[in-house]
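Report on the following structure.
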Amino acid sequence: MIENFKKYLENERKSINTIDSYIFDLTEYFNWFETSFNMKLTILHIQNIIDYKKYLSNVKRNNAKSINRKLNTLKKFNEYLISINFMNGIIITSKIMIKLNPEYAAPTKVTNDEVKQFLQVILETGDLRNYALVTLLCYTGLRISEALDIKLDDFNLESRECIIRSGKGDKQRIVIFNSKVITAINEYLKIREKYTTANTSSFLFLSKRTKKLDRTAVNKIFNKYSIKITPHQLRHFFCTNALENNLGIHEVAYLAGHSNIHTTLLYTNPDKEKIKNKLENL
């Protein structure tokens, strides 16, 4: 049943990370059910879901956000069971979710000085590909998957535009390159032809052995030079930095590919450390 649910998610073109998260949460529920009732799960019952919610809160001590994510997984599984005529209706609605106060502090965890220092460290390694990638992430807010999917015919350095064809939810958008990004990519393109796969790959960022740089290799690069900065943190940094430099909320939402404007609004909130410092001064 879980394997068929996975195929259902794949057909909906969910990302690998999203599918893995759904399968992990659903497997956890299956295990809880079998341990609790000594039988295999065959269908969803709201009474069981309520008991599971209490178990996650009182026994597992999960926080509200984590519990809601797991309940949302079961809601998605509920939809799947309806699609194969195994259930007649949705039994898991928003009413069962735990109400959360809106996140107040901005999600950005790195400062402008930390990012500048990180960029300089990468620059001084002499690796122009890595420097171009990090600069791109800093000043466009691209998801790492989007950056690695860029092909040579997706961007024009003269017009300073790049089309993102593989955005979240298969949404395309145009991002703008500033002069820092243009300079970094230009310098990298001068040595890109030295990569063994340069003549056979259309991707901008190449690996030394394959036709495309992958996420695992990028994570190793970041981990080597920083214990704090990640590709996703640079995305947060971009959103905060852009808003602080007078780009409009709707402009940042479009550039970052946010499907909900409320996601962008989070970046207008103060940093948690700033809140803590202010409280100390009371």
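None of 74, 81, 41, 56 is under 22 Å from the mean Cα position of the chain (by Cα) and open to solvent by less than 80 Å² (accessible area, probe 1.4 Å) except 74.
Can you tell which of 221, 191, 185, 227 is under 30 Å from residue 270 (Cα atoms), in contact (Cβ under 8 Å) with a residue 12 or more places away in the chain and among the β-branched types (Val, Ile, Thr)? Exactly one residue qualifies, and that residue is 221. Restricting to region 186-201, give me the number of residues that are exposed (fewer than 12 other Cβ atoms within 10 Å of the Cβ) and of a type in the set (S, T, N, Q). Count: 2. Taking each residue of region 106-127 that is at negative phi and looking for partners that are among the aliphatic types (A, V, I, L, M) and open to solvent by 70 Å² or more (accessible area, probe 1.4 Å) with beta-carbon atoms closer than 6 Å, six or more apart or interchain, yields nothing. Does residue 56 fit the bill of being of a type in the set (A, V, I, L, M, F, W, C), out of contact with any Phe, Trp or Tyr (no Cβ under 8 Å at 6 or more places or on another chain) and under 24 Å from residue 239 (Cβ atoms)? In short, no. The number of residues in region 119-156 being in a strand (DSSP E or B) and either among the charged types (D, E, K, R) or under 20 Å from residue 16 (Cβ atoms) (or both) comes to 1. So, in region 1-28, of the ones that are touching a helix residue (DSSP H, G or I) at 6+ places or on another chain (Cβ under 6 Å) and among the hydroxyl-bearing types (Ser, Thr, Tyr), which residue ends up nearest to residue 96 (Cα to Cα)? That would be 22.
Of the residues that sit in region 106-138 and are of a type in the set (Asp, Glu) and farther than 29 Å from residue 249 by Cα, which one is farthest from the chain's Cα centre (by Cα)? Spell out the reasoning first.
Our first condition is that a residue be of a type in the set (Asp, Glu); within region 106-138, this holds for 113-114, 124, 127.
If we keep only those that are farther than 29 Å from residue 249 by Cα as well, we get 124, 127.
Details: 124: 28, 127: 25 Å.
Result: 124.
As a summary of the residue check, residue 231 satisfies the conditions (1) under 17 Å from residue 176 (Cβ atoms); (2) crowded, with 17+ Cβ neighbours inside 10 Å except for the one numbered (1).
Selection of first residues in region 160-172 that are free of Cβ contacts under 8 Å to residues at least 40 places away in the same chain and of second residues that are among the acidic types (Asp, Glu) and not in a loop (DSSP other than H, G, I, E, B), restricted to Cβ pairs under 7 Å at least 6 apart or on distinct chains, gives the following pairs, ordered by first then second residue: 162/154; 163/154; 165/154; 166/146.
Within region 164-181, can you find the residues that are hydrophobic (A, V, I, L, M, F, W, C) and open to solvent by 30 Å² or more (accessible area, probe 1.4 Å)? Even if it seems obvious, please write down each step before you answer.
To start, the set of residues in region 164-181 that are hydrophobic (A, V, I, L, M, F, W, C) comprises 164, 174-177, 181.
The answer is 174, 176.
Pick from region 263-282 the residues that are assigned to a helix (DSSP H, G or I) and in contact (Cβ under 8 Å) with a residue 12 or more places away in the chain: which of them is surrounded by the most Cβ atoms within 10 Å (Cβ to Cβ)?
Here is the first cut: in region 263-282, the ones assigned to a helix (DSSP H, G or I) are 263-268, 272-280.
Now narrow it down to the ones that are in contact (Cβ under 8 Å) with a residue 12 or more places away in the chain: 264-268, 272, 275.
Numbers: 264: 21, 265: 17, 266: 18, 267: 23, 268: 13, 272: 14, 275: 13.
Result: 267.
Go through region 157-190 and give me each residue that's more than 21 Å from residue 17 (Cβ to Cβ) and small (Gly, Ala, Ser). Please lay out each step first, then the result.
Restricting attention to region 157-190, the residues satisfying the condition of being more than 21 Å from residue 17 (Cβ to Cβ) are 157-163, 174-190.
159, 179, 184, listed by residue number.
Of all the listed residues (58, 62, 48, 17), the sole one being part of a helix (DSSP H, G or I), free of Cβ contacts under 8 Å to residues at least 12 places away in the same chain, among the polar types (S, T, N, Q) and over 30 Å from residue 171 (Cα atoms) is 58.
Scanning region 168-176 for any residue that is over 19 Å from residue 154 (Cβ atoms) and of a type outside the set (Asp, Glu) turns up nothing.
Kindly indicate the residue of region 84-102 that is in a loop (DSSP other than H, G, I, E, B) and within 26 Å of the chain's Cα centre (by Cα) and also farthest from residue 269 (Cα to Cα) among those meeting that condition. Going through the qualifying residues, I end up with 92.
The values are calculated or read from the model by the stated rules, or taken from the named source; none is laboratory data. Keep in mind the model is a prediction, meaning the values are calculated, not measured. Reconstructed Cβ throughout: ideal geometry from the backbone, glycine too, with neighbour counts over all protein chains shown. Accessible surface areas use protein heavy atoms only, side chains included; no ligands, DNA or RNA. Shrake-Rupley method; radii C 1.70, N 1.55, O 1.52, S 1.80 Å.
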